[in-house]
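Below you'll find the structure, written out as structure tokens, and then a few comments.
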Amino acid sequence: MRELDIFLQDIEKRAFRMAQLATHSEADALDIVQEAMIKLATKYSERNPSEWKPLFFKILENRILDWHRKQTVMRKIFFWRKEGPDTDEHSELTHEVADYQFDPESQLASEQLGTHLLSAIESLPMKQQQCFLLRSWEGLSTKETAEVMNINKNSVKTHYARALSKLKHQQENLEHT
Amino acid sequence: MMEQGKPITEKSAKHIEKQSNAALNDSVESLSPSVETSLQQARRIAIDSLENQHQSVQRRLFNLGSLFNIKVLSAGLACCLVVFFTLPFITNQPNPHSATFLSSNTALSEFILLSDFDDTELEVIEDIEFAYWLSQELDQGSELHNG
């Protein structure tokens, strides 16, 4: 149990950020992470700790997908509503990052780049975003990412290449401006 | 890796990965205290739910253990003994082999009487019956001789 606690402590912030990037909502991201933690603890805590990471991200990925499905249904039911929450909270993450940076003079360039990159990652399509975060940030292998996302390895490679290409394009746009 | 006609080299891919990871790590480091508190609570809830699950399993095992007290065990043992001693009496019936033979013998006689056999067929059946009778007589004779 102590081992699981340490594992969750180690992973919780990154999981939250991943969920926040996918949902653009702090509250929903917290709910998703909590659900994923509970499911891992109650269903898979007996598994080998080396399996926890891919299992946790698989649960998280499924929860995020469920959230998107619910949103799609809600949008269809309440079609007259504008998509306020998503667009309002879209920049929540980047504002938050900007607020907590220190020494603005020396870090202005990196802050701008970081904020811009986060915004670019946030604007990636769902699959590309998840693929990029799992492969690049979490360091999962192509095979592990494919298992977590329930797609084949070639699709992982394609999503990852497209994500990289879009991020590079965004970065070049920033450099030009 | 082509987007709008611009290829991405491995070097630039690594560069983007590095910058993105740095930006993401910074964003994680700078999470607001309220979010950190919420995450700690979420973790606590997950660990508590696991503890509750373990406790409920232990409780179930304990309840199962309480079934095995002296009264229940002695009652079970008494039932087993009753079954053990009454079972041979229940199953002790006449030899089914002889009953089958008798019933099959009478059934054969009825079958012969009621069927329309020609003379040749009847002779064959009579021969078989005679051979069977003779073998029985010989068996009985040998038993008397031995006895």
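No value in this document is a laboratory result; all are computed from the given coordinates. Predicted model, so just to flag it, every value in this text is computed and none were measured. So basically every Cβ, Gly included, is an ideal-geometry build from the backbone, and we count neighbours across all protein chains shown.
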Subset of the range A:135-149 that is within 18 Å of A:A15 (Cβ to Cβ) and not in a helix (DSSP H, G or I) - its residue that is farthest from the other protein chains (Cβ to nearest Cβ): A:L140
Subset tally (residues that are buried (at least 20 other Cβ atoms within 10 Å of the Cβ) and either farther than 16 Å from A:L21 by Cα or of a type in the set (D, E) (or both)) for the range A:147-164: 6
Residue among A:L140, A:L167, A:L124 that is of a type in the set (A, V, I, L, M), within 15 Å of A:I64 (Cβ to Cβ) and crowded, with 21+ Cβ neighbours inside 10 Å: A:L124
Flag for A:R17 being more than 10 Å from chain B (Cβ to nearest Cβ) and buried (at least 18 other Cβ atoms within 10 Å of the Cβ): no
Subset of the range A:20-47 that is part of a loop (DSSP other than H, G, I, E, B) and over 12 Å from the mean Cα position of the chain (by Cα) - its residue that is farthest from the other protein chains (Cβ to nearest Cβ): A:R47
Subset of the range A:150-172 (residues that are away from chain B (no Cβ under 11 Å) and either part of a helix (DSSP H, G or I) or of a type in the set (K, R) (or both)): A:K153, A:N154, A:S155, A:V156, A:H159
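Okay, residues lined up against (1) farther than 21 Å from A:E122 by Cα; (2) buried (at least 20 other Cβ atoms within 10 Å of the Cβ); (3) without any contact (Cβ under 8 Å) to a residue 40 or more places away in the chain:
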| residue | (1), (2), (3) |
| --- | --- |
| A:I32 | no, yes, yes |
| A:T42 | yes, no, yes |
| A:S50 | yes, no, yes |
| A:D66 | no, no, yes |
| A:T72 | no, no, yes |
Residues within the range A:25-47 that are in contact with a Lys or Arg (Cβ under 6 Å, 6 or more places away or on another chain) and among the charged types (D, E, K, R), tallied: 1
